[in-house]
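Asks: Pasting a structure here, questions to come.
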Amino acid sequence: MQFQGQILKMTSFDAQPIQYYLNLSGDLIHMNELFGKELRIKHTGFQCVNCGENKPVYRMGFCKNCFFESPYASDTIIRPELSTAHLGVAERDLEVEKQIQLQPHTVYLAYTGDVKVGVTRNSQIPTRWIDQGATFALPIARTENRYEAGMIEVALKQHLPDKTNWKKMLQDDFEGEVDLADFQQKIRQYFPEDFQKFYSEGENIWKFDYPFEKPAKVMSFTLDKKPEFTGKLTGIKGQYLSFAGGDFINVRGHEGYVIELEVKN
């Protein structure tokens, strides 16, 4: 079997285990069915996720021009506390920013090898947690917009990390329970006073089952340094494809890359 197209982040469905679909120019390839098969990946070009042109990807799937101009790559995507749509103030495109920012958001704790704090739109639950490779996740605040969630995150990340350490996430083989509710109780004191009303208690803890086993070693590669790769697919966690021997590729980190994919056996 052969496929070709622009990489977008994998689509996932919360099941036992999680089901993954590689998105190549809108065609969905069920990756769970390819475990144990040898895949050949060849990088052939680029397609910016915004303008569609064959320009080198600068960041997040965008070419350099689009990264600095598109409202879908604005600073508030990474730093929600910078949101201003609730004030009617545009950063790049107010109408687009209203759609993204003026909707319910959740502040959460997640275990990805460490306990971290994060923010997501409610519409991205549980996709956001699966994309990060979280084993457990717990909502701790429900807000009306992105700015409010961002301000809570800013306060809490003084005491907890807000980034996923990808190596820890992939090397983690934790089989017990992480008491995220206990973490929540301990950090409640750090909630900004003006945002205490958004605190949410008694939420259910989410647990995720990945089609993945921790390898003996972890080596990440990119298509920039290795434009052609062949390996046996053994599992998936987060947005990482795992191959025999400990090779990993971050699919989301290659959005906008155009590839040929061959399933060899």
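What follows draws every value from the coordinates through simple rules; no lab data is involved. The shown structure was predicted, so the numbers you read here are calculated from the model rather than taken from an experiment. Because the Cβ atoms are built from the backbone with ideal geometry, glycine has one as well, and the counts that use them run over all protein chains shown.
Asks: What helices (runs of 4 or more DSSP H), lying completely within segment 16-113, carry at least 2 residues that are within 19 Å of the chain's Cα centre (by Cα)?
Replies: 75-78, 94-101
Asks: What number goes with the only condition from (1) over 22 Å from Phe35 (Cβ atoms); (2) outside any helix (DSSP H, G or I); (3) not polar (S, T, N, Q) that Glu148 does not pass?
Replies: Of (1) over 22 Å from Phe35 (Cβ atoms); (2) outside any helix (DSSP H, G or I); (3) not polar (S, T, N, Q), only one is false for Glu148: (2).
Asks: Let me ask something additional. How many of the residues in segment 170-188 are part of a loop (DSSP other than H, G, I, E, B) and not aromatic (Phe, Trp, Tyr)? Walk me through how you get there before you give the answer.
Replies: Within segment 170-188, the subset part of a loop (DSSP other than H, G, I, E, B) is 172-179.
Add one more test, that the residue is not aromatic (Phe, Trp, Tyr), and what stays is 172-173, 175-179.
So the answer is 7.
Asks: Same structure again: What number of residues within segment 85-101 satisfy the criterion of being surrounded by 15 or more Cβ atoms within 10 Å (Cβ to Cβ) and under 18 Å from Val119 (Cβ atoms)?
Replies: Count: 7.
Asks: Return yes or no: is Tyr111 within 30 Å of Asp172 (Cα to Cα), in contact (Cβ under 8 Å) with a residue 24 or more places away in the chain and touching a Ser or Thr at 6+ places or on another chain (Cβ under 7 Å)?
Replies: Numbers: within 30 Å of Asp172 (Cα to Cα): yes; in contact (Cβ under 8 Å) with a residue 24 or more places away in the chain: yes; touching a Ser or Thr at 6+ places or on another chain (Cβ under 7 Å): yes.
For Tyr111, the condition - within 30 Å of Asp172 (Cα to Cα), in contact (Cβ under 8 Å) with a residue 24 or more places away in the chain and touching a Ser or Thr at 6+ places or on another chain (Cβ under 7 Å) - is met.
Asks: Restricting attention to segment 189-203, and to residues there that are assigned to a loop (DSSP other than H, G, I, E, B) and touching a Leu at 6+ places or on another chain (Cβ under 8 Å), which single residue is surrounded by the most Cβ atoms within 10 Å (Cβ to Cβ)? Break it down into steps so the answer makes sense when it comes.
Replies: First, the residues of segment 189-203 that are assigned to a loop (DSSP other than H, G, I, E, B): 191-192, 200-203.
When the remaining residues are screened for being touching a Leu at 6+ places or on another chain (Cβ under 8 Å), the result is 191, 203.
Values: Phe191: 19, Glu203: 17.
Once the filter is applied, the top-ranked residue is Phe191.
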